[in-house]
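Down below is the structure, laid out as structure tokens.
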Amino acid sequence: QVQLVESGGGLVQAGGSLRLSCAASGLTLSSYAMGWFRQAAGTDREFVATISHSGGDTYYADSVKGRFTISRDNVKNTVYLQMNSLKSADTAVYYCAANGLRATTARVEYDYWGQGTQVTVSS
């Protein structure tokens, strides 16, 4: 059974940092591209960042480019999202997802999803 478990969310002041982790089990992480998405209250889930199977390619939403960094450790079966210079607009539930084909911004192409972790940025 595939499980993706996010952790590291919490309450932080604007300008602060958080690092999210996504621990994968039931799959070989190196066989999957991974993505982070987020969903604020009353909005659709939106793309944040994605990373290719090997970690050689990464893509970011314009809203987080230069502030967020996605990375992965295929030995530890874990994906990370380092978030710096956080803004109130970053407040959302953050989800990690696995895609067996390619790194993509398209939510519908992801096969597995975690339950999410709440990030709240106070201004």
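The values are calculated or read from the model by the stated rules, or taken from the named source; none is laboratory data. Fair warning: this is a prediction, and the values are worked out from it, not measured in the lab. Positions of Cβ are generated from backbone atoms using ideal geometry, with glycine treated the same way; all protein chains shown enter the neighbour counts. Heavy atoms of the whole protein, side chains included, go into the accessibility calculation; ligands, DNA and RNA do not. Shrake-Rupley method; radii C 1.70, N 1.55, O 1.52, S 1.80 Å.
Things worth noting here:
- Only one entry in 91, 117 is within 11 Å of the chain's Cα centre (by Cα) and surrounded by 16 or more Cβ atoms within 10 Å (Cβ to Cβ), namely 117.
- Residues that are open to solvent by 80 Å² or more (accessible area, probe 1.4 Å) and charged (D, E, K, R), drawn from the stretch 94-114: 102, 107, 111
- Residue in the stretch 44-88 that is nearest to residue 7 (Cα to Cα), counting only those that are in contact with a Ser or Thr (Cβ under 9 Å, 6 or more places away or on another chain), surrounded by fewer than 16 Cβ atoms within 10 Å (Cβ to Cβ) and of a type in the set (Gly, Ala, Ser): 71
- Residue in the stretch 5-23 that is basic (Lys, Arg) and open to solvent by 60 Å² or more (accessible area, probe 1.4 Å) present: yes
- Of the residues making up the stretch 29-83, those that are over 15 Å from residue 102 (Cα atoms) and polar (S, T, N, Q) are 39, 43, 63, 69, 71, 74, 77, 78, 82.
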